[in-house]
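For reference, the structure is listed below as structure tokens.
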Amino acid sequence: MAENEKKTIPSVEGMEAHIDTWRDIIKNKQRGIFAFDELVEIKLKALKKRIYTDFENTAPWKMRECIYKDIGDYEYLYDGWKDLDVGGYWGGNGLSSFFKNKITIPERFEGKKVTLYVYFGGDSLVSVNGVPFQGLDPFRNAVVLTDCAKAGDTYDIDIESYFVWHSNESSLKKLECSFIATTDDEINEIYWDLKAVYNALFMPGMGNDYATLIRESLKEAFQYVDFDEPDFDVFKAKLRMCKKVLYDKVYNNPNYKCMGKLDLIGNSHLDMVYMWAYKEFVRKVGRTHATMLRLMEQYPDFIFSQSQAGMYEEMRVHYPNIFEQVQKRVKEGRWEYIGGMWVEPDCNIISGESFVRQFLHGVRYAEKWFGVTPKTCWLPDVFGNSYCMPQIMKKAGMKYFVTHKMGIWNDTNPWLYNSFWWEGPDGSKVFAAVPPTHFIGSMEADSLKTNWVKYTDKDTIGESMYCYGWGDGGGGVDNEMLEYVKRYKNFPGLPETKACKIEESLENMRQKAIAAGDKIVTWKDELYLEEHRGVHTTKAALKKANRYCENLFREAEMYAVIAESYGYEYPTEELALAWRKILTNQFHDSLPGTHITEVFGKLMSIYDEVIETGERVRNEALAVIAEHIGYDKNLGKPFALFNSLANAATTKVELDYQDVDIFDENGNKVATQAYTKPNGDKKLVFVAKDIPAVGYKVYYKMPAAKAPAYDESNGKEIENDSFKLVLDDNATLISIYDKKNRREVISKGGKGNDFRLFEDMPGGYDAWDIVATYVDREFELKDGIVKDIVKGDVYTMISIEKDVLKSKIEQNIIIYNDLDRIDFDTHISWHEDQKLLKVFFDVDLQTKNYTRDIAYATMECCSYRYNPYDKAKFEVNAHNWIDMSDEDYGVSLLNDCKYGHEVNEHKMILTLLKAPIKPDPKSDRGDHYFTYSLYPHAETWKKAKTLERGLEINHPLVPVDIKSEGELGADNSFITLTSDSMTLEAVKKCEDEDAYIIRMVEKKGRSVDASIKFFAPLTYAAECDLIERNDVPVDFDGDTINFHATPFEIKNYKVKIK
């Protein structure tokens, strides 16, 4: 970059900022008399310079700038290396650079501690003599080369830098300093003694007496700091008197005792993606953890905690030297492997089975590589936590749960409990902590005091967790923090502090919570974050891909287990690897869509890879099974429809269009109809009836005798034996009449399928948030149009179009002759900025509560916003459906890939799309295809089989050609489950033994006695935990296990078959 480009103000915004700076200077002009605080800071800076006893500038650095394209892949901007000296510039948006230099120890440094001081800006990893050694970032510029230098020794220094550490930084970087120096440890200690006392001056609520003590002590101590003393030994002798004053007057002062304890947790939250791509996260792994290892050498009492198996795996692959050092520190007890999950995932969107796999892969990884079994679900930064989690945690061996977000970010109701028992819908409990301050923290006295002041359990538990260390972008603990750790152990005005492991702290608190009895509350609900409500919707394509993968791999594993009995080799390692990719993509800034543009494409490419694997395994397994299915050669070309659900399914089938007739297993012709989807794909549609649970039914194709007949017409109504639908001039539903139940679904004067567009400008966290005031500005939409009406033997359809500012909605509204739901098959070409699209159904029901389908459970919520808590929960998460029902009638709103929902009195609302501009200005723009369905029904959702309807729309039947005749019948069920309250969540092979896992969940809140029957006789059956251990043998009868399940209980069996 040219010199003049470096100095010019590049934009109007930059010019305004420049002017504002001068305004502040002029406005704040005052007499130039130093206050006491300012004078102390000046003297501290002067003393810090005296720490350096000798220094020598380095030679200019060799520099080679580049674009970091992917892990290990660089595109260099020029050939060879350029020189860069102090004051020189490097960088630019998105750029990385390599720097190298050779340091030779001069003779006068012999026997002394030598440190390299260098600051390039950005985020860097320093390698010494070819080995990754330490990170450099905005919080550190010192690299200790040796504690005892030998003259003439050389150090080859290589540095790899990225232009930013986090975000909102200048893209142009300057080499600020570059020298080696010797230091005086004693002066360094006294400097920090003074600074720690000075920082105590800013602790909240200490009163005038305390402030006077600190000021008078500092004033007296600085009398012995004589910067004009020419004799170095005399200077240091006086400094010792300074230290004595500090310890006599402050450090050893018996007054100002503060009850309680603070457990100091050194940590570094490291986002896998956020304002950087995953490839940059991998580099951050090396920088952050190399630095923590160096600090452990310098501070013998330093303890560090780090989470995420997926992060450690990247360390193992890309930084094996660092990984081996970490393994040793874990064994030594100074590095805590924390957290039982593979990554720290979003905890609202993912399925119950994904939760299980997070723990399954996370715990096993920790045990394999570190010899530890985590007992903590550590999720400091996630955006709320699902109600299902306590049971899953407990059955995965977790004793403790920690999250920080509600205590810091709630926008309506302050979070009230730092310690509590979290109880899930089944009654499982874990000890939970929401620390009162952020997981990113300094070690300054005021921050420590604030933690204790805010702590809610002073009298009952009396021990709070305080996390310190730089995070999000990594970095971790720095030297300043550790100097304070040494000095604030028993400091006047602060609680007693100690460096601690997380699980040690949690166990101490847990034991005190047990002793406190009923004084510690039990929380029986989800942990709803009153903030970041938009993450259920942003980057809709990611949500769709994740749900598809979760459902796909359920089927792939299930069919692979069944196929293994016919000779198929179950691909254990391939499935495990694919699952780990799914789990990694569920990270809490990945799946929620809260990341920069580059990240999205990479995540989608990973989903493409995973889907290829899942579909291939599923199809291979089904092909093996199909080889054993018998058929009647006289009925046509056979194919089987496979149903993976635990209930027999009657649902729609879409085949790629062929000019054929379809016949059932008895040779009866099945009604078919051509259908063109909103994306242009042409399908042949029919309704398959009573496809056996975890089984199949054979159908046949024959060349079509004649083209199927259908009627085309115009108008604003469609009707069949189940429903009559009426649209207004805007192509919005004004009536849905349920003929079978003789009920109008839409409330009087209300509307259904009412698309509404709102302004969505929530603030600085654009992609994260939806705020309650979104309703304040709604955009008037153009009238929609009815394109055509089609009526045939399978369905009747009315197609509509609506223009939405710069976007377009195309939708087929479909009612079926043999199904009792209404499908809304939808395509939206979305090109808005900071808009929010929702679809409303005003239903003719007055129910106090509605029900949400969530991971491994269902939960009731209030339909009305009577109190501040219900008002804050205006946008909630649900999976396959929500339902409003009274005892006689209800309406379920089903979907195949959406998560954001609202219910407001009689309005059922599905959030379809957001259009944030930060941090990704391209977020969600483009084509979206999805289906939601309305399912009016008699009685309650439990009796009306809403659970099954939601599963059917998300688990379509899979057609498989039959190419050879086998011994199995024309229909068959491989696994049967006798209770419609139980869902079959997983059938898989054990991770490390020749057995199978069968996992079921009770989802209707009932106690049930049921049985599950397998496709072969059993030789062994046991209940086990979710890590597939701790077997408790159970009785079985041939191929059947009889069992009892309590409401919302997970039943997890390990079986072996003949």
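Please verify whether TYR559 is buried (at least 22 other Cβ atoms within 10 Å of the Cβ), at pLDDT 95 or above and of a type in the set (Phe, Trp, Tyr), treating the condition exactly as stated. Considered against the rule, which asks whether it is buried (at least 22 other Cβ atoms within 10 Å of the Cβ), at pLDDT 95 or above and of a type in the set (Phe, Trp, Tyr), TYR559 comes out as yes. Scanning the range 248-262 for residues that are surrounded by 15 or more Cβ atoms within 10 Å (Cβ to Cβ), under 19 Å from GLU189 (Cα atoms) and not aliphatic (A, V, I, L, M) yields a total of 2. Looking only at the range 787-800, which residues are part of a strand (DSSP E or B) and either among the acidic types (Asp, Glu) or under 29 Å from ALA938 (Cβ atoms) (or both)? The answer is ASP788, ILE789, VAL790, LYS791, TYR795, THR796, MET797, ILE798, ILE800.
In summary, strands (runs of 3 or more DSSP E) completely within the range 833-940 and bearing 3 or more residues that are among the charged types (D, E, K, R) occur at 835-842. Screening VAL372 on (1) touching a strand residue (DSSP E or B) at 6+ places or on another chain (Cβ under 7 Å); (2) over 23 Å from CYS990 (Cα atoms); (3) surrounded by fewer than 20 Cβ atoms within 10 Å (Cβ to Cβ) shows it passes everything except condition (2). Counted as qualifying within the range 629-698 are no strands (runs of 3 or more DSSP E), as none has 3 or more residues that are small (Gly, Ala, Ser), in contact with a Cys (Cβ under 8 Å, 6 or more places away or on another chain) and more than 23 Å from PHE553 (Cβ to Cβ). Per the listing ALA767, ALA772, the residue uniquely within 29 Å of the chain's Cα centre (by Cα), small (Gly, Ala, Ser) and surrounded by fewer than 23 Cβ atoms within 10 Å (Cβ to Cβ) is ALA772.
Which one of these is under 23 Å from LYS716 (Cβ atoms), not hydroxyl-bearing (Ser, Thr, Tyr) and not in a strand (DSSP E or B): ASP820, ASP803? So the residue among ASP820, ASP803 that is under 23 Å from LYS716 (Cβ atoms), not hydroxyl-bearing (Ser, Thr, Tyr) and not in a strand (DSSP E or B) is ASP820. A count restricted to the range 780-802 and to residues that are loosely packed, with under 14 Cβ neighbours inside 10 Å and free of Cβ contacts under 8 Å to residues at least 40 places away in the same chain stands at 2. If the condition is being under 28 Å from the mean Cα position of the chain (by Cα) and within 15 Å of CYS177 (Cβ to Cβ), then the range 95-136 contributes GLY122, SER124, LEU136. Of the strands (runs of 3 or more DSSP E) that lie entirely inside the range 986-1058, those containing 1 or more residues that are aromatic (Phe, Trp, Tyr) span 996-1002, 1018-1023, 1040-1045, 1050-1057. For the subset of the range 435-464 comprising residues that are β-branched (Val, Ile, Thr) and touching a residue at least 60 places away in the same chain (Cβ under 8 Å), which member is surrounded by the fewest Cβ atoms within 10 Å (Cβ to Cβ)? So, considering only residues that are β-branched (Val, Ile, Thr) and touching a residue at least 60 places away in the same chain (Cβ under 8 Å), the one surrounded by the fewest Cβ atoms within 10 Å (Cβ to Cβ) is VAL453. Comparison of VAL535, VAL477, VAL521 shows that the only residue that is under 19 Å from ASN267 (Cα atoms) and touching a strand residue (DSSP E or B) at 6+ places or on another chain (Cβ under 9 Å) is VAL477. The residues in the range 455-472 that are over 20 Å from GLU336 (Cβ atoms) and touching a strand residue (DSSP E or B) at 6+ places or on another chain (Cβ under 7 Å) can be counted, and the count is 4. The single condition among (1) under 46 Å from the mean Cα position of the chain (by Cα); (2) surrounded by fewer than 18 Cβ atoms within 10 Å (Cβ to Cβ) that ARG215 does not meet is (1).
The strands (runs of 3 or more DSSP E) located wholly in the range 99-177 that include 1 or more residues which are under 22 Å from GLU324 (Cα atoms) and in the same structural domain as GLY87 (by TED's automatic domain parsing) occupy 123-128, 131-136, 142-146, 154-162.
Given the criteria over 26 Å from ALA211 (Cα atoms) and modelled with pLDDT of 85 or more, does GLU38 qualify? Criteria not met by GLU38.
Yes/no matrix, rows are residues, columns are (1) in a loop (DSSP other than H, G, I, E, B); (2) of a type in the set (Asp, Glu); (3) in contact with a strand residue (DSSP E or B) (Cβ under 9 Å, 6 or more places away or on another chain); (4) in the same structural domain as PHE758 (by TED's automatic domain parsing):
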{"residue": "GLN511", "(1), (2), (3), (4)": "no, no, no, no"}
{"residue": "TYR566", "(1), (2), (3), (4)": "yes, no, no, no"}
{"residue": "GLU574", "(1), (2), (3), (4)": "no, yes, no, no"}
{"residue": "TRP579", "(1), (2), (3), (4)": "no, no, no, no"}
{"residue": "SER590", "(1), (2), (3), (4)": "yes, no, yes, no"}
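Mind checking which residues of the range 651-683 are buried (at least 17 other Cβ atoms within 10 Å of the Cβ) and either in the same structural domain as LYS1013 (by TED's automatic domain parsing) or hydroxyl-bearing (Ser, Thr, Tyr) (or both)? Residues satisfying the conditions are THR651, THR672, TYR675. Of everything in the range 324-353 that is among the basic types (Lys, Arg), outside any loop (DSSP other than H, G, I, E, B) and touching a residue at least 24 places away in the same chain (Cβ under 8 Å), the residue that is surrounded by the fewest Cβ atoms within 10 Å (Cβ to Cβ) is LYS331.
Set side by side, the residues TYR850, TYR866, TYR856 differ, and just one is of a type in the set (Phe, Trp, Tyr) and surrounded by fewer than 21 Cβ atoms within 10 Å (Cβ to Cβ), which is TYR866. Filtering the range 987-1028 to residues that are of a type in the set (A, V, I, L, M) and closer than 15 Å to ALA576 by Cα leaves VAL987, ILE997, ILE1027.
The values are calculated or read from the model by the stated rules, or taken from the named source; none is laboratory data. Predicted model only: the values in this text are computed from it and were never measured. Every residue, glycine among them, receives a Cβ derived from its backbone with ideal geometry; neighbour counts consider all protein chains shown.
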